[in-house]
Amino acid sequence: MTTTVRATWSNKLAFVLAAAASAVGLGSMWRFPYLAAKYGGGTFLFMYLVFVFTIGIALLLLETAFGRKTGQSSIGAFKAFGKKYAFIGVFMSSIPFIIVPYYCVIGGWTTKYMAAYITDGPAALADGGTYFSNFIANTPESMLFMLIFMAITYLVVGMGVNNGIEKANLVMMPALILVAAALAVYSLTLPGALEGVAFYLVPDLSKFSPELVVAALGQTFFTLSLAMGIMVTYGSYLEKKEKLTSSVMQIAGTTFGISLLAGFMIIPSTFAALGSGDAVAQNAGPSLMFVILPQVFNSMGPAGGIIGCVFFILVIFAALTSSISLVETCTAIIQDGSGCSRRRAFVVTIVFTTVAGIIVNLGYSGLSFIQPLGEGTTILDFLDFISNSVMMPISAILTCVFVGWIIKPKTIIDEVKVSAEFRLEKAWAVLIKYIAPICITIILVAYVAQTFGIITL
Ligand code: PHE
């Protein structure tokens, strides 16, 4: 067995930035604005806020403390308490391997759109969806852009935790925040935008429903990169002296803040261009970002080409920092799990994710006959569903039960207390033992039942 020296973050900022960089991604940029518009603006915003700062930070704290205590990524971390618990780590660890391929396919689409604003101009992209469907079905082209996106991700991870990931985040995260703020301000100055702001912020209580609660909780998991071993791995690179309690607040605050900004970028400008938020609310998934937004940019006149290009650079940054965290976690899992060198683990990760990415990509052309979730669905839809709606809730429930009932909350509380006061320890223990597993079980059952048409939420 080769033992390699384990990486550590240079300082607390590097850790917080890396965790926030993982969290802020396509979930905040594209999924959040759609969900907020769909579920009555302020009502959804409020529920999401509540979940992020209760169950969200409780699990963030659990995962990072667990990683730091054991100094291992998820498989090793669970195994440290007995071989029979390793299966939880194995299950959790399989999730990033499922997400990387499809996340990179979407990353490739974003890269193509950024380039297309330069090569084809805003009018060509605003044709109501034909441009997009032609592109994703064009295998060589969509494959090329996916591979470019993957290559950048691999390059950064290949440079290591300190020289690659930390440095990339130090550039991309501040740039992302500045550009998002600038675009949000610009969007607010457009005529008709204020109506969009009211729509976004004023709660429409008639939209409150069980479905909204389920969506807000699912969004909390996805955006905070929880339940898939990422925060365990990142916690394992953290030194004992760093305070976990303030770190998790900063990570959650940044993620919430950027989601809020994304809503300000997208909803008021869509109102200004199209006169209502319906286009945002009714276009879940790809069509919001790749069909509706190009129409919004095109309506901005000559500025639209530049705004469109800058917007997609922003989304690429957000997606890249998340895919970097996913690939890093896959590498750490293989390395810790097999005892091989980081280099070898990295090569295995690259081969696996590239091949899987090619298969997901072919789901829009040569393999489009594979429709796992029914007529018109793709391999990408299936992987997204199975990872986010099924495996992540199961992994979170197993983790809560493991910590709450098997190793007991005190094990984690003691780890948190090594470097900080933990005033809310009792409330945290109740959340982990009872509230979180019950709420998550409800989401899981609701999602699965809805997908298979057993209930209509
Ligand atoms: N949190 C990321 C986002 O919001 C998604 C992600 C999921 C990233 C899982 C890493 C791991 O887009």
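Bear in mind that the values in this text are calculations on the coordinates, not laboratory data. Predicted model, so just to flag it, every value in this text is computed and none were measured. Neighbour counts are summed over all protein chains in view; Cβ atoms, including those assigned to glycine, are modelled from backbone coordinates with ideal geometry.
So, with +1 on the Cβ of K and R and -1 on the Cβ of D and E, and no other charges, what is the size of the charge dipole of the chain about its Cα centre, to the nearest 20 debye?
Approximately 1680 debye in magnitude.
Sorted from largest down, what three extents in whole angstroms do the Cα atoms of the stretch 27-151 have along their principal axes?
Cα spread of the stretch 27-151 along its principal axes, largest to smallest: 58, 40, 20 Å.
Relative to the longest principal axis of the chain, what angle (0 to 90°, nearest 10) does the C-alpha long axis of helix 139-158 take?
Helix 139-158 and the main axis of the chain meet at about 40 degrees.
Sort out for me the Cα centre separation of the stretch 220-249 from the stretch 31-107, rounded to whole Å.
9
Which FRET efficiency, nearest 0.05, do THR130 and THR377 yield, Cβ-Cβ r, R0 25 Å?
0.75
Once you have the alpha carbon radius of gyration of the stretch 86-235, what is it after dividing by 2.2 N^0.38 Å, with N set to its residue count? Present the calculation step by step, with values, prior to reporting the outcome.
On the way: Rg = 19.6 Å, N = 150, 2.2 N^0.38 = 14.8 Å.
Taking N as the residue count of the stretch 86-235, the ratio is 1.32.
When N counts the residues of the stretch 308-457, how does its alpha-carbon radius of gyration compare numerically with 2.2 N^0.38 Å, as a ratio?
1.36
Students often get this wrong, so check it: of LYS79/LYS408; LYS84/LYS241; LYS243/LYS426; LYS241/LYS410; LYS12/LYS417, which have C-alpha atoms separated by over 22 Å?
LYS84/LYS241
Any chance you could run the full-extension gain for VAL445 through MET159? It's 0.36 nm times the residue separation minus the Cα-Cα distance, nm to one decimal.
98.8 nm
Answer with one residue from VAL161, GLN72, ALA356: the one whose Cα lies farthest towards the positive end of the charge dipole of the chain, charges on Cβ with Lys, Arg +1 and Asp, Glu -1.
Most positive-ward Cα: GLN72.
Counting each DSSP H run of 4 or more residues in the chain as -39500 (n - 2.57), what helix-only mean residue ellipticity at 222 nm follows after dividing by all residues, to the nearest 500 deg cm²/dmol?
The helix contribution divided over the chain gives -22000 deg cm²/dmol.
Find how much the distance from VAL185 to LYS240 grows on full extension, using 0.36 nm per residue of separation minus their present alpha carbon separation; answer in nm with one decimal. Please report the intermediate quantities before stating the final value.
On the way: separation 55, 0.36 × 55 = 19.80 nm, distance 4.03 nm.
Length gained between VAL185 and LYS240: 15.8 nm.
Only four residue types carry charge here, +1 at the Cβ of Lys and Arg and -1 at the Cβ of Asp and Glu. Report the dipole size of the stretch 200-260 about the Cα centre in Debye, rounded to the nearest 20.
200
Roughly how tilted is helix 86-119, in degrees to the nearest 10 and between 0 and 90, from the longest Cα axis of the chain?
So the inclination is approximately 30 degrees.
Starting from one equal scatterer on each C-alpha and no solvent at all, send me the Debye-based log10 I(q)/I(0) for the chain at q = 0.10, 0.12 Å⁻¹, two decimals.
Values, matching the q order: -0.69, -1.02.
Tally Lys/Arg at +1 and Asp/Glu at -1 over every other residue whose Cβ is under 11 Å from the Cβ of SER74; what's the total?
-1
Find the relative contact order for the stretch 290-392 and round it to a whole percent, using C-alpha pairs within less than 8 Å whose residues are 6+ positions apart. Working shown, then result.
On the way: 43 pairs, mean separation 10.8, N = 103.
Relative contact order for the stretch 290-392 comes out at 10 percent.
Quick check: from the Cα gyration tensor, does the stretch 186-241 come out rounded (a/c under 1.5), prolate or oblate?
Oblate.
Which three lengths, in whole Å and largest first, does the stretch 361-432 cover when its Cα atoms are put on their principal axes?
Extents along the principal axes: 56, 23, 17 Å.
Averaged over all directions, how much area does the convex hull of the C-alpha atoms of the stretch 100-187 cover when projected, in nm²? Mind showing how you got there, number by number?
Details: hull surface 28.3 nm².
Directional mean of the projected Cα hull area for the stretch 100-187 stands at 7.1 nm².
Test of understanding: ordering TRP9, TRP405 by Cβ neighbours within 10 Å, fewest first, what list do you get?
Ranking TRP9, TRP405 by Cβ neighbours within 10 Å, fewest first, gives TRP405, TRP9.
If you count, for each residue, the other Cβ atoms within 10 Å and average over each peptide, how do 202-215, 237-250, 56-69 line up from highest to lowest?
In descending order of packing, they fall as 56-69, 237-250, 202-215.
Taking N as the number of residues in the stretch 57-123, what is its Cα Rg relative to 2.2 N^0.38 Å?
1.76
Could you work out the relative contact order of the stretch 180-291, using alpha carbon pairs under 8 angstrom and six or more residues apart, expressed as a whole percent?
The normalised contact order for the stretch 180-291 reaches 55 percent.
Which whole-number percent gives the relative contact order of the chain, counting Cα pairs below 8 Å spaced six or more residues apart?
For the chain, the relative contact order is 33 percent.
For the stretch 212-218, what does the Karplus curve 6.51 cos²θ - 1.76 cosθ + 1.60, with θ = phi - 60°, yield as ³J(HN,Hα) per residue in whole Hz, taken in order and with x for Gly and Pro?
4, 5, 4, 5, 5, 6, x
I need the shape label for the stretch 153-256. Rule: rounded when a/c is under 1.5, else prolate if a/b > b/c, else oblate, with a, b, c from the alpha carbon gyration tensor.
Oblate shape, in that a/c is at least 1.5 and b/c is the bigger or equal ratio.
Which number comes out as Rg/Rh for the stretch 121-166 once both Rg and the Kirkwood Rh are worked out on C-alpha atoms?
Taking Rh as the inverse mean 1/r over Cα pairs, Rg/Rh reads 1.23.
Give me Rg over Rh for the stretch 92-132, both radii from the alpha carbons and Rh done the Kirkwood way, two decimal places.
1.21
Under the √(5λ) rule applied to the eigenvalues of the Cα gyration tensor, what semi-axes describe the equivalent ellipsoid of the stretch 1-90? Give them in Å, descending.
Each semi-axis is √(5λ); the values are 33, 17, 12 Å.
Given the convex hull of the Cα atoms of the stretch 219-300, what is a quarter of its surface area in nm²?
With the hull built on Cα positions only, its mean projection is 6.9 nm².
Please compute the Kirkwood hydrodynamic radius over the stretch 229-388, one decimal place, Å, based on all pairs of different Cα atoms.
Evaluated on the stretch 229-388, it is 19.2 Å.
What ranking do 179-185, 230-236, 430-436 get when scored by the average of other Cβ atoms within 10 Å per residue, highest first?
230-236, 430-436, 179-185
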